[in-house]
Amino acid sequence: MVGRRLVKETLSDKVRDHLKEMIERKEFEPSGQLPSEEVLGEMMGVSRITIRDALANLEMDGYVYRRQGKGTFANYRVAKVKHRISSAKEFFALISEKGFVPSVPYCHYYLGEAGPLVSSKLGCEPKTEIVTIEKLFLADQLPVIFCLNMIPAHLVDKQLFQEDLTRPIFKLLRNYSFPKIQYDIVDIIPTVADEKLARLMSCEQGSPLLLLEATAYDDQENPIILFQEYYREGFIRFSEVRTTHYHR
C-alpha cells in the first residue's frame, strides 16, 4: 500500500483562514481598512512575521490589497464572489504549454464610444471615448482565443503603435502610464459565435464558445478596463481563483 504524506497546516495558514473569515463577515472597518500588522498580531497572539505571511497569501488570492502609505484593505467585493477562477496565464504560454505553436495573425485597436454595456461595466458616461484592442490567438493555425480589451481613452497617455499591440496587455499598458490593476472580477458566460466571431474563429455561426468577461479595478476601487475573452469550445478549463498576478 502506498501512503500519502499529509501536509501539516502552518500557523500562518490558520491565521490566513481566520482573517479570510473575518473579511467575509465584514468584521473590519466599513472602508475595509485592516489594523496594522502589529495590532493584528496582538489580537491573534502571533508574531508580525506570521501576520505578514498570512496577508501576503490573502493578497495573492485577492482578499486584501495594499495602498501605499495607507495600509492594507479588505476586498469586500471579492469576498462576496462565491465561484472564482484561477489566475490566467499569458496566452502565448497557455497555448505553448498545451503543446501547440502560438501566433497572433490579427491584432489592432480603434477608438469608439462606450455603449450601454461598456459604460455600465466601466462606470463611465455613455459615449465616453474608449480604446478597444482586439487580438486573435492561434494554436497550430487553429483560432482558439479572441480577446477584446476596452479602456477609457483618457487613461492611455499616448498613441498606441501597431508593433506594440502583440505584447501581453499588462506589459503594454505599463509603458503607457496606466494605473496599477489590483484585481479583476470575472463572469463566465456560455455563448455562441455571431457572424464576426464565426469568421475570426473559423467556426460555424452559432457554434458554442466560452466567454470570460472581466472588469479590472485600481486601488481606489475604480473600474479601469473591461476584458472580453472568447475561447474555442473544449480548448481550456478554468478553476479556482483569478488574481491580477498574471500577464496576458
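Quick note: the coordinates plus some simple rules give every number you see, no bench work behind them. Note that the structure is a prediction, hence the values are computed from the model and not measured. Neighbour counts are summed over all protein chains in view; Cβ atoms, including those assigned to glycine, are modelled from backbone coordinates with ideal geometry.
Of note:
- Per-pair calculated FRET efficiency, R0 = 41 Å: Glu204 and Lys80 via Cβ, rounded to 0.05: 0.60
- Here is the list for region 172-235: GluC sites (Glu not before Pro) lying in DSSP coil, each with at most 11 other C-beta atoms within 10 angstrom of its C-beta, are Glu204.
- Derived scalar couplings ³J(HN,Hα) [region 10-19; Karplus, 6.51 cos²θ - 1.76 cosθ + 1.60; whole Hz; x for Gly, Pro]: 7, 4, 4, 5, 5, 5, 4, 5, 5, 5
- With 32 Å as the limit, the listed pairs Lys20/Lys180; Lys26/Lys135; Lys98/Lys127 have Lys26/Lys135; Lys98/Lys127 beyond it between alpha carbons.
- When Leu226, Leu197 are sorted by how many other C-beta atoms sit within 10 angstrom of their C-beta, beginning with the fewest, the order is Leu197, Leu226.
- Using the Stokes-Einstein relation with a Kirkwood hydrodynamic radius computed over Cα pairs, the translational diffusion coefficient of region 11-79 at 25 °C and a viscosity of 0.890 mPa s comes to 210 µm²/s.
- Taking only the C-alpha atoms of region 17-159, Rg followed by Dmax gives 20.6, 58 Å.
- The ranking of Asp13, Asp194 by Cβ neighbour count inside 10 Å, starting from the fewest, reads Asp194, Asp13.
- Stretch gain in nm, segment Leu142-Arg66, where the contour uses 0.36 nm per residue and the Cα spacing is subtracted: 23.3 nm
- Cα-centred dipole magnitude for region 11-79, charges only on beta-carbon of K, R (+1) and D, E (-1), debye, nearest 20: 240
- Stokes-Einstein D for region 91-232, Kirkwood Rh over Cα pairs, 10 °C, 1.306 mPa s (µm²/s): 100
- Among Leu142, Leu55, sorting on how many other beta-carbon atoms sit within 10 Å of each Cβ, with the fewest leading, yields Leu142, Leu55.
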